[in-house]
Amino acid sequence: QPQGDVLASGGKDAVVRLWDNLNGENTAELIGGSYAVPGLAFTPDGLGLAILNGDAIRIREVSSGRFLFSIFGKGTYYSIAIDPQGESLAAGKTTNTIDIWGIQHEPGTPREIYEPLLSLAGHSGRANSYQALVWTLAFSPDGKVLASGGGDHTIRLWDAQNGELLQTLEGHQNAVTSLAFHPQGTWLASGSLDSTVIMWELSP
């Protein structure tokens, strides 16, 4: 949770667990869906939690566990990020691609396919393998840039407003599995299955 009070974890048992950060107590368990939960993202206000499960993204209220709204896409999603303003949700797929939706107006209804505002294609990992996963996503602090880490060993920087590919960062020797922006947006840290962490200095 952005405020640091709650930690959320998702597992192969399709269950999301909420934990009290102060005492480690398991405070709630939420059914994520029918499949493993590979990705979670809190809304910036900490009141909602987005849960990935197959082709579904369900946003649930943290305090009660009730469903706020759902997005059903096309394909299988593996990674997720919500921009700092709470306006956009990005989800990385198992096919080298990323979908971005606007979430200000609670878009989804049960089992209706909700078309993304943008679909980003640029990663080039081998199809039908872990190399085609978009493992991780991160929005810059101002929400203008979306970074994606792929099984093709690269990091892609995208314009979050129009989907333009801004830059490709190469340096890892295996899948890029984690990303984090510096709070001022001047640096990007990336972790990889090659057992390294790289710090990237970003041009203004």
* Structure fact -> Descending packing, highest mean Cβ count within 10 Å first, for 59-66, 193-200 is 59-66, 193-200
* Asked: Hey, which lysines would be in cross-link range of K74, C-alpha to C-alpha under 20 Å, not counting anything within fewer than 8 residues on its own chain?
  -> K93
* Structure fact -> Projected area averaged over all directions for the convex hull of the alpha carbon atoms of the stretch 3-122, nm², comes out at 7.2
* Extent of the stretch 13-66 along each principal axis, from alpha carbon coordinates, in Å, largest to smallest? -> 33, 24, 17
* Mean Cα-pair separation over length for the chain, i.e. relative contact order, pairs under 8 Å, 6 or more apart, % -> 11
* To do: Count charges around L146 for me, please; just the other residues with Cβ under 15 Å from its Cβ, Lys/Arg as +1, Asp/Glu as -1.
  => -3
* To do: Quick one: P(r) of the stretch 54-156 from all Cα-Cα pairs, 10 Å bins, percents rounded to integers, in order of increasing distance.
  => 16, 47, 31, 7, 0
* Tally Lys and Arg at +1 and Asp and Glu at -1 over the other residues with C-beta under 12 Å from the C-beta of P116: what net charge comes out? -> 0
* Volume per residue of the C-alpha convex hull in the stretch 57-96, rounded to whole Å³ -> 85
* To do: Set Lys and Arg Cβ to +1 and Asp and Glu Cβ to -1, take the dipole of the stretch 57-170 about its Cα centre, and tell me which of Q85, I155, F67 lies farthest positive.
  => F67
* Share of carbon and sulfur in the accessible heavy-atom surface of the chain [1.4 Å probe, %] -> 50
* Normalized C-alpha radius of gyration of the chain, against 2.2 N^0.38 Å? -> 0.97
* Angstrom value of the Kirkwood radius, inverse mean 1/r, which spans all Cα pairs in the stretch 151-204 -> 11.7
* **Cα-based equivalent ellipsoid, the stretch 111-204: semi-axes from gyration tensor eigenvalues, Å** => 20, 19, 11
* To do: Counting only heavy atoms of the protein chains, get the accessible area per residue of the chain (1.4 Å probe) and round it to a whole Å² value.
  => 49
* Asked: What does the charge add up to near G10, with Lys and Arg as +1, Asp and Glu as -1, over the other residues with Cβ less than 15 Å from its Cβ?
  -> +2
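The values are calculated or read from the model by the stated rules, or taken from the named source; none is laboratory data. Computed from a predicted structure; not experimentally measured. Counting neighbours? That spans all protein chains shown, and the Cβs are built from the backbone with ideal geometry, glycine included. Keep in mind that these areas ignore ligands, DNA and RNA; they rest on the heavy atoms of the full protein, side chains included. Shrake-Rupley method; radii C 1.70, N 1.55, O 1.52, S 1.80 Å.
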